[in-house]
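The structure under discussion appears below in the form of structure tokens.
The values are calculated or read from the model by the stated rules, or taken from the named source; none is laboratory data. Model, not experiment: these values are computed from the prediction. Quick reminder, even Gly has a Cβ in these numbers, built from the backbone with ideal geometry, and neighbours come from all protein chains shown. Please note that ligands, DNA and RNA were not included when accessible areas were found on the heavy atoms of the full protein model with its side chains. Shrake-Rupley method; radii C 1.70, N 1.55, O 1.52, S 1.80 Å.
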Amino acid sequence: PADLLRFFDRKEYYLLQGRDADTVAVSYFKSSAAVKYWKQGTERLPYLTINKKMSGEVIRKALLEQRRRVEVFVLERGAWVLERRGSPGNL
């Protein structure tokens, strides 16, 4: 969904992928210059890393100002598991 941002907790930083990376880069950093790309075969997958401190500001802005939903995933035994979620009506 267009109103959902997914954050992947990589212990020391958060990772956003695909459309989420582009959305945060443009809406928070006001530039897509921070977006990097993984190359997988002939495809390029955009990703963005943000530190833990900055992630709090990005999540707060997404929930309260942009009225987006947020999901945070953690890696458990080799699989990404939903750790928490928030929405403007359910903080």
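Table for the structure above
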item	result
Which labelled figure in (1) 58, 47, 16; (2) 41, 36, 26; (3) 41, 29, 20 is Cα extents along the principal axes in Å, once derived from the coordinates	(2)
1.4 Å probe accessible area per residue over the chain, in Å²	66
DSSP bridge orientation in the chain - percent antiparallel, rounded to nearest 5	75
Max mean-square fluctuation residue, GNM over the chain, Cα-Cα springs under 10 Å, options Ala21, Ala79, Ala62	Ala79
Share of carbon and sulfur in the accessible heavy-atom surface of the chain [1.4 Å probe, %]	49
Asn90 versus Glu76: modelled label distance in nm, points set 7 Å from Cα along the beta carbon direction	1.8
Gain on full stretching of the segment that runs from Lys36 to Arg60 - 0.36 nm per residue minus C-alpha separation	6.3 nm
Rounded to the nearest 20 debye, dipole of the chain from Cβ charges on Lys, Arg, Asp, Glu	100
Helical contribution to [θ] at 222 nm, DSSP H n ≥ 4, -39,500 (n - 2.57), averaged over the chain, rounded to 500	-6000 deg cm²/dmol
